[in-house]
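One structure is given here, and the rest of the page talks about it.
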Amino acid sequence: MTDYQTPTTFRRFRLPLRALLIDDRAWFLGRDLAKLAGFRPDLDLARKLDPNQLRSEVLRLEEGTFSTELLVNESGMHQLLLVYYYHPEHRGLRSWISDEVVPALGRQSSTGHQPRRRLMQWQGHELNLMEWQGALWIRYEDLPRMQGQKPGRDALVGSQIP
């Protein structure tokens, strides 16, 4: 079973900034931050930032694909924009991230313990599960596939819940 996160996409000047909260800290996709700030995303950020300012995570992107992405935390973002790639126009970018993006991420997570998505390999297939309240949940439609059966359209017609 692989644990993955789904980032929230914010837009500034038609460019995406995907971000998420991990352990109540804001993390941003390094390549999105690079595009917004105008530096090459293939630069070695690991040499510029401290180890606690970077991490790699498996993310589920908008297209439904999974990708291992390099994430930069808020402290690393400020260091990149103030020290390594300083430009006077980055003040607006830093303000937007600090004043709008980070509070929006906090509002999303303030509703209490949120369910987490998980991906599980089962008999050569990938199944999307949800971990919530200490249990793993699966969609009803995926049960026949777990049992090795092919679900038919008429499988649910005869069974009605009273």
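Among L17, A46, G30, which residue has its Cα furthest toward the positive end of the charge dipole of the range 4-46, with +1 on Lys/Arg Cβ and -1 on Asp/Glu Cβ?
It is L17, whose Cα lies furthest towards the positive end.
Take peptides 69-76, 83-90 and line them up by average Cβ neighbours within 10 Å, highest first, as a rough protection proxy.
Most protected by this proxy first, the peptides run 69-76, 83-90.
Report the full-extension gain for the segment H87 to R12: residue separation times 0.36 nm, less the Cα-Cα distance, to one decimal in nm. Could the numbers behind the result be given before it?
Numbers: separation 75, 0.36 × 75 = 27.00 nm, distance 1.71 nm.
25.3 nm is the gain from fully extending H87 to R12.
What is the fewest-to-most order of V102, V58 by other Cβ atoms lying within 10 Å of their Cβ?
Working: V102 17, V58 13.
Neighbour counts put them in this order, fewest first: V58, V102.
Just flag the trypsin sites (Lys or Arg not before Pro) in the range 1-49 sitting in loop per DSSP whose Cβ has no more than 10 other Cβ atoms within 10 Å.
R14
Could you give the length gained on full extension between R94 and R40, defined as 0.36 nm per residue of separation minus the Cα-Cα distance, in nm?
17.6 nm
All of the numbers you see were taken from the coordinates with simple rules; none came from a lab. None of these values were measured; they are calculated from a predicted model. Every residue, glycine as well, gets a Cβ built from its backbone with ideal geometry; the counts of neighbours run over all protein chains shown.
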